[in-house]
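The values are calculated or read from the model by the stated rules, or taken from the named source; none is laboratory data. Since we're looking at a predicted model, the values are computed, not measured. These area figures cover heavy atoms from the full protein model, side chains too; ligands, DNA and RNA do not enter into them. Shrake-Rupley method; radii C 1.70, N 1.55, O 1.52, S 1.80 Å.
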Amino acid sequence: MNLVSLIMRVLTTGRIASALGLDHTAKRSMLIACSAICLGLAFLTSSFAQKGEVLAMCEHEWRHNKAFNQAAGITERAWVEECRAEEYARERSCAADWKAAKAAGRVTAGMTYLTFLRECEERKKAMGM
């Protein structure tokens, strides 16, 4: 949903409120409720996108090691669940590392959280974490 369509929906909501004869407080409440719903949907969309990236990566790893995994009796579902759990554990660990490094002043100038996160995840993955 783009900004223009969002604004049009808010304006339409205001017209609906006027047509229903709602007072100013009710209109404001309706606008706040619609805004909260839009914000919630935006959060869920970004959350699902991140989960989709991890899922795609785990499925790619499964396909890459399919013959070995099948010979070992590992199902795709089990592989993907384990892979996703490891990815989230690394992400949480790196987020804690970022907070600690930032608090101790060890973050280099110009380093962003996303850059730190990518480097940290690669480092932990190489170490087998």
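The table that follows gives values for the structure above.
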| item | result |
| --- | --- |
| By accessible area with a 1.4 Å probe, ligands and nucleic acids excluded, highest first: order of ILE74, ILE32 | ILE32, ILE74 |
| Over the range 49-104, volume per residue of the alpha carbon convex hull, in Å³ | 80 |
| Contact order relative to length of the range 60-129, as percent, for alpha carbon pairs under 8 angstrom and 6 or more apart | 33 |
| Accessible-area ranking of LEU114, LEU55, largest first, probe 1.4 Å | LEU114, LEU55 |
| Aspartates and glutamates whose Cα lies under 13 Å from that of LYS66, excluding same-chain neighbours fewer than 8 positions away | GLU76 |
